[in-house]
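Each reported figure results from applying straightforward, stated rules to the coordinates on display, with no laboratory input. Computed from a prediction, not measured in an experiment: that's the story for all the values here. Methodologically, a virtual Cβ is constructed for each residue, glycine included, from the backbone with ideal geometry; neighbour enumeration extends over all protein chains shown.
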Amino acid sequence: MGNSEGPRTVGVSGGNAASPVGGDAGSTVSNGVASSPSSKHIPVAQELALDMIEGRWNGDRNLTLEDIQLRFQVSRTVAREVARLLSDVGAVTVRRRMGICPQPLDMWSSLNPVVIEWKLHSSRRREALLALTELRLAVEPVAAAKAAERAPIEIRSRMPVLAQEMRKAGESGRLDDFHTMDIEFHSLLLRYSGNDLFAALSDIVATILRGRVEIGMYPRRPQPEALDAHQEVAEGIWRGDPVAARQGMRRIVDEVDDAIARES
């Protein structure tokens with residue numbers, strides 16, 4: 001075959017390579033993540049995604065299921081799940097006789113929590129965090145203000161208690177507890193903002209918060225200013241004061257932006 005037929009498919013050739021991904025009974029897809037009897041496909045998909053993000057695997061070559069099986073020593077079923085997960089988030093396309101074809105990063109589902117997690121574990125983590133912080137700056141202050149106006153009383157009353165528990169955990173060095181409550185805090189105000197689009201971002205913000213801890217871009221102890229700002233948001237939501245809630249949330253995300261800038 002000549003080069004005119006497209007990027008070359010590397011690895012084992014033959015009949016199987018013509019159909020790199022087949023159906024697999026018993027698997028489902030939810031939020032871009034394929035569920036299967038095993039989770040072995042997840043770290044394999046992440047490694048291949050990182051290869052693409054870092055430029056080690058690009059559009060000059062395609063893969064087959066056999067390539068994935070040989071490199072990672074996994075079954076064909078796992079290799080199919082890997083290809084399916086990458087395809088679900090737009091990282092690859094799967095074509096008969098061509099194989100598994102990597103796609104440019106701007107074709108990926110950038111708001112999928114799986115893609116966010118991959119980028120945060122790559123050399124492009126700072127770029128990803130800056131972009132995600134800009135998203136948070138655009139959304140979370142408004143969401144906090146709307147939560148002050150629209151959240152039910154049981155949620156509004158929960159916020160000051162949660163902020164106080166966060167302060168105690170942060171000041172005493174119980175960081176695991178603090179981070180768990182921080183995710184709950186931000187998720188609640190997004191989910192109870194009365195805006196379905198904001199609510200849909202709660203998993204994304206949780207991934208950002210969790211990822212920042214996992215990659216070591218979070219202070220060993222929360223800054224006092226951040227604790228004060230969480231308290232301001234919580235009190236604003238409790239009192240039904242959208243201005244205070246918005247201002248406090250703006251302070252929180254601005255502090256994150258400053259922290260990322262200091263890492264550069």
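Add +1 for every Lys or Arg and -1 for every Asp or Glu among the other residues with Cβ under 11 Å from the Cβ of G211, and state the total.
Working: positive: K119, R125, R210, R212; negative: E117, E214.
Value of the local net charge: +2.
Reported value for the chain: 140 Å³ per residue, from the convex hull of its C-alpha atoms.
With coordinates expressed along the principal axes, the C-alpha atoms belonging to the range 170-219 extend over 34, 21, 11 Å, beginning with the largest.
Annotation: aspartates and glutamates with alpha-carbon distance below 15 angstrom to K40 (same-chain offsets under eight excluded): E81. The trypsin sites (Lys or Arg not before Pro) found in the range 47-106 that occupy coil by DSSP, while having at most 16 further C-beta atoms within 10 Å, are R56, R96, R97.
Multiplying the residue separation of R124 and E184 by 0.36 nm and subtracting their alpha-carbon distance yields 18.9 nm.
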